[in-house]
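These notes are about the structure you will find just below.
The values are calculated or read from the model by the stated rules, or taken from the named source; none is laboratory data. Just so it is clear, the structure is predicted and the values come from calculations on it, not from any experiment. FYI the Cβ positions are ideal-geometry reconstructions off the backbone, even for glycines, and counts take in every protein chain you see. Each accessible area value is taken on the protein alone, full model and side chains, heavy atoms only, with ligands, DNA and RNA left out. Shrake-Rupley method; radii C 1.70, N 1.55, O 1.52, S 1.80 Å.
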Amino acid sequence: MTATTRRVYKRRETITALPLYYSGQLLKKYTGEKEFKNFYAELRGSTLFLYTDEMHDTYSEKLDLQMWKSMSMDSPYQNNRSTIYTLTLTNEEVQLKVDNPNTGEEWRGFIMTVATKEIPSKLQLLPGQMLRLEEVLSEEKKRQAPPPPLPYTTYHIHPSSDDTYDDAISGTPLCFFPVSRQKAERMLKENTEYGSIILRPSTDNTNYAITLRQDYPSGPVMKNYKVLSIDTGFVIELDAPVTVPSLGAVLDHFLKATEFRLHPYLVPQTYDTCIDLPLALPCFPPKPVPRARVAPMIHTKSPKGSTPPSFPKLPIKDTDTGKEYQDADEVLNPDPRPEDLN
């Protein structure tokens, strides 16, 4: 492999970000077309990428094998003739032709293994080729397995914002902020020290978008890129679309594409460094409750001829005499009337 070819392969890995399982020359046409077109094909993940030739780093067509319905051989397997397969997908039907029947059998094995998640029976392949199919099957099942649940993490919007967002999103990069395009651009412009890449919801609120700031001698330039969510991952909408398995891989692609000159936008969090013990609250004794003082009343009946019992002085109202208290016996025995003296 020449240095130029290696660079092309490296570029394709950057664009697709999917594992390469098989590659080679392949002829393809839609059912009903007269002539086959020659392509250089790469089976990456569950997608068949078709390039104009081996030196092109950007694919011209692709077939999503997750839409696979069936694959049939149009003619019996023969060593001395080309092999033609009809590949039926949910949205289209194409014919694939391979001049070498042995290579055609390999293509059939790899395509059906990836599409159906099992190795087809009655393949006419060598033991080493069958072993490679088993490795591909294991890798593809692992790649498409749902990720384990991650612990929830709370992400905070910039503290100077009037709105507060507390969003728990599992597996989302820390540079994700639920803001609009205008707000994201303003955050990147006003806080250059925090970073230069923000992941945010797209305008339609069903996908994602990347907002980034690039500094030029003439001044900062804001750019926005759309990221589509698909069943198997995410697609970055570029001139040559890039398919990646996760939002973290979306961020990694932008970091690599900009040679790590950009950085994710991260708001610094402040932490305390000293543990203080609050002062004890003052303790006051309970306030005594005053008790009412009531003069006792004596109700004992005294016998005749004995000295009448004494009573405590009772308060009376007497503004003329200025007396404040009066003897109890005066109250009980007022001045005798004249008729009582007789």
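How much of the calculated P(r) for segment 91-147 lies past 15 Å, in percent of all Cα pairs? Value for segment 91-147: 52 percent of Cα pairs lie more than 15 Å apart. The modelled label-to-label distance for the pair Arg7/Glu118, using points 7 Å beyond Cα in the direction of Cβ, is 4.7 nm.
Rank these by accessible area, largest first, 1.4 Å probe: His253, His263, His56. Intermediate values should be presented prior to the final figure.
On the way: His253 25, His263 110, His56 80 Å².
Most to least solvent-accessible, the answer reads His263, His56, His253.
The coefficient of translational diffusion for segment 172-255, derived via Stokes-Einstein from the alpha carbon Kirkwood radius under 37 °C and 0.692 mPa s, stands at 250 µm²/s. Applying a DSSP loop filter and a limit of 12 other Cβ atoms within 10 Å to the chymotrypsin sites (Phe, Trp or Tyr not before Pro) in segment 216-281 leaves Phe260, Tyr271.
Here the spin labels are modelled as points 7 Å beyond Cα on the Cα-Cβ line, and at Leu279 and Met67 they lie 7.4 nm apart. Each label was represented as a point 7 Å from its Cα along the Cα-to-Cβ direction; for Ser82 and Ala145 these points are 4.1 nm apart.
Met187 exposes around 10 Å² of accessible area when a 1.4 Å probe is run over every protein chain in place.
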